[in-house]
Amino acid sequence: MHEMSLCEGIRSVIENATDRPVTKVRVEIGRFAGVEKGALSFAFDVVMRGSVAENAELIMIDLPGRALCYDCMKEVEIDNRLDPCPDCGGGKLMPQGGDEMRIKDLEVE
């Protein structure tokens with residue numbers, strides 16, 4: 001369960017950012033990031049115990065998968081890494097995003 005270590009990293013960032021109570025943590029998660037949201041939510045509650053974010057709400061924001069199509073030279077959204085281009089049907093796609101996970105912002109008291 002790598003979600004536990006992800007939450008430990010989130011806790012570290014939060015503790016370095018503020019010593020005030022945190023009420024909300026917004027995290028952007030790309031479609032291809034390999035994060036299980038249910039596990040992340042569970043791990044978040046466990047890891048944040050005893051921290052300034054102990055009672056914080058975790059808000060997960062989905063980011064689409066993106067790729068550059070070398071056939072039509074457009075950046076397009078894709079649901080799966082091996083999907084063809086939704087615009088031209090081409091199969092020469094270079095992933096451009098969707099594998100990221102980052103803290104978007106924190107809401108503090």
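The values are calculated or read from the model by the stated rules, or taken from the named source; none is laboratory data. Please read these numbers as outputs of a predicted model, since none were measured by experiment. Cβ coordinates were reconstructed from backbone atoms using ideal geometry, including for glycine residues, and neighbour counts include every protein chain displayed. Just the protein is used for accessible areas: all its heavy atoms, side chains included, with ligands, DNA and RNA removed. Shrake-Rupley method; radii C 1.70, N 1.55, O 1.52, S 1.80 Å.
Paramagnetic label reach from H2 (point 7 Å along Cα→Cβ; backbone nitrogen cut-off under 17 Å): within the range 68-107, residues 81, 97-103. Counting only DSSP beta bridges with both residues in the chain, the antiparallel share comes to about 70 percent.
For the range 15-56, the residues whose backbone nitrogen is under 17 Å from a point 7 Å from the Cα of N80, taken along Cα to Cβ, are 31-34. A Cβ-based charge dipole, computed about the Cα centre of the chain with Lys and Arg at +1 and Asp and Glu at -1, lands at about 140 debye.
The mean sequence distance of close C-alpha pairs (under 8 Å, at least 6 residues apart), as a share of the length of the range 1-89, puts its relative contact order at 30 percent.
When cysteine pairs in the chain are screened for C-beta atoms closer than 4.7 angstrom, the residues that find no partner are C7. Our estimate of slack between Y70 and D45, defined as 0.36 nm per intervening residue step minus the Cα-Cα distance, is 4.7 nm. Give the calculated FRET efficiency between E36 and E109 to the nearest 0.05, with a Förster radius of 30 Å applied to their Cβ-Cβ distance. My answer for the efficiency is 0.50.
Think of the chain as a dipole: +1 on every Lys or Arg Cβ, -1 on every Asp or Glu Cβ, centred on the Cα centre; then among F32, G50, N16, F32 lies furthest on the positive end. The length gained on full extension between E100 and E57, counted as 0.36 nm times the residue separation minus their Cα-Cα distance, comes to 13.4 nm. Ignoring ligands, DNA and RNA, what percent of the 1.4 Å accessible area of the chain is carbon and sulfur? Carbon and sulfur: 46 percent of the exposed surface of the chain.
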